[in-house]
1. When a footprinting reagent is the concern and you count Cβ atoms within 10 Å, what order do K328, K381, K234, K2 take, fewest first?
2. Can you bin segment 182-257 into rounded, prolate or oblate? Criterion: square roots of the alpha carbon gyration tensor eigenvalues sorted a ≥ b ≥ c, rounded for a/c under 1.5, prolate for a/b above b/c, oblate for the rest.
3. Fewest first, what order do E270, E344 take by the number of other Cβ atoms within 10 Å?
4. Rounded, prolate or oblate for the chain? Axes are the square roots of the Cα gyration tensor eigenvalues, ordered a ≥ b ≥ c, and the cut-off for rounded is a/c under 1.5.
5. If the limit is 24 Å between Cα atoms, which of K117/K234; K122/K381; K234/K381; K117/K381; K122/K328 go over it?
6. Counting other C-beta atoms within 10 Å, and keeping those with at most 16, which DSSP coil trypsin sites (Lys or Arg not before Pro) do you find in segment 242-281?
7. GNM, the chain, Cα, under 10 Å: largest mean-square fluctuation among E214, E113, E395?
8. Name the shape class, rounded, prolate or oblate, that the alpha-carbon gyration tensor gives for segment 201-245, where a ≥ b ≥ c are the square roots of its eigenvalues, rounded holds for a/c under 1.5, and otherwise prolate holds if a/b is larger than b/c and oblate otherwise.
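All of the numbers you see were taken from the coordinates with simple rules; none came from a lab. These numbers were taken from a predicted model, which means no experiment stands behind them. Every residue, glycine among them, receives a Cβ derived from its backbone with ideal geometry; neighbour counts consider all protein chains shown.
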Amino acid sequence: MKINRIPIVDKTNGWSGILAPRAPNPALETNAAADWIVLGGGYAGLSAARRLAENCPDQHIALIDAGMAGENASGRNSGFAIDLPHNVGSSLDELEGSHRFMRLARTAIEQLETAVKTHGIKCDWSADGRYHTAVSARGVQDVLEPYAKELEALGEPFEWIDRDQLGQRIGTDHFTAAVFTPGGALMNPAALTRGLADSLPGNVTFYENSPVTEAVFENGIHLTTANGSLRAPKMILAANGYSEQFGFFRQRLLHLLAWGSLTRPLNEAERAAYGVDAPWGLTPANAFAGITMRYTNDHRILIRQGLNYCPSQAVDPSAYAAFARQHKKLFDLRFPMLPDVEIEHTWSGFVCLSQNAAPGFGQLAPNIWSAVCQNAVGVTKGTFGGMLAADMATERDNPLIGDMLSLGEPSQLPPRPFLDIGVRARFMWELWSNRHEA
Ligand SMILES: Cc1cc2nc3c(=O)[nH]c(=O)nc-3n(C[C@H](O)[C@H](O)[C@H](O)COP(=O)(O)OP(=O)(O)OC[C@H]3O[C@@H](n4cnc5c(N)ncnc54)[C@H](O)[C@@H]3O)c2cc1C
């Protein structure tokens, strides 16, 4: 089958823009063969390749990606490794589901942290916790108070932070309150993704800048690129929202475009005016109307705001300037004491969701497994999905596979254009009904 939609890698990603240049691994330019192919070099593919290499030390794993490590969604996100479910719920079933998710997410965080420490990956990995914030009294009542109750029911530690305390900790009085949870981690996601790619075991060959343009799944796996081909008996598909192109999860995946900006680092005088020194990260009560923010170790502020439904997976180049202006406006509103701080980088990245928030995980064919569709929590979900797909494919006994399978599979979406009308109407409703959280 011809692959009609190839990821386009632009040069806008701020997280990699602030790092030193990296030399990518060579592209595929021969007719190569391996024991396993892993298609996609984000958190899911990197984790799958690493685990396959550990499970099968005598076998050869070929990891292939259209672009360079750290330039995909995995390198463009807000850099939160999240350990708690977004929606907990209070029934016994829901609480049990939350415990399963936490087991999986914490295993992923442990794996990532081990890799960071073992290989000395310089990605500003830090356990700074997370503020879940509400702008309005209604947001406090509708989201934060139930969330705090659910955390209590789960037995998870948290702190209730009021406006004044929050102002002291994050330097803005924009929010009415926050629930602070100490788990998870923050990092520069491009540096983490690069570091994971550059520390793969010796029996993995990573082909970067190698878009797969054709795939044949008869008598094994046969992939073609512009200048080479790759053959193997078995494959793990980790191509996120592009998996549909390979004939899987058709009419089950939703493509959203998310926007982020990083300011330049604050100078000494600005840091004194700002009055906060420790890094922090916050998520909004409503993901559509609100904004995600971070203060980074190198004294920049991240603004992640704007979520568009984008079934074409194509970005309008004129949107960058508009989002940069919008993010500067949001920054100025929150940090009036920093009027001269410019936005240095603005970028976009694709988020792959399913309607029922289930992952595209499991066995797709006798010789093909998958770890795709991370529902906007890919740092942890991609990492444990990839690891468990490798365990499943190599028949390694792991009780977490049961936890993973219990998350279900992506449900069927209505056909277009009904889907487009429905999703756009839902987005407008979310934005309008949560406008108090903007
Ligand atoms: C702005 C933004 C903020 C976000 N914030 C967070 C956050 O704070 N925390 C969090 O957990 N998640 C966050 N996410 C979501 C997270 O980034 C994703 O869920 C995660 O990166 C998905 O990882 P993945 O490995 O499944 O996919 P990807 O990182 O998308 O990797 C898939 C790979 O497949 C490759 N591929 C596709 N087609 C082909 C082809 N034909 N040939 C070769 N290779 C191909 C692509 O090049 C790509 O590298 C955010 C996302 C965005 C965009």
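1. Listing K328, K381, K234, K2 from fewest to most nearby Cβ atoms yields K2, K328, K234, K381.
2. Here segment 182-257 falls in the oblate category.
3. By the 10 Å Cβ count, ascending: E344, E270.
4. prolate
5. K117/K234; K122/K328
6. Within segment 242-281, the qualifying trypsin sites (Lys or Arg not before Pro) (loop, at most 16 other Cβ atoms within 10 Å) are R250.
7. E395
8. rounded
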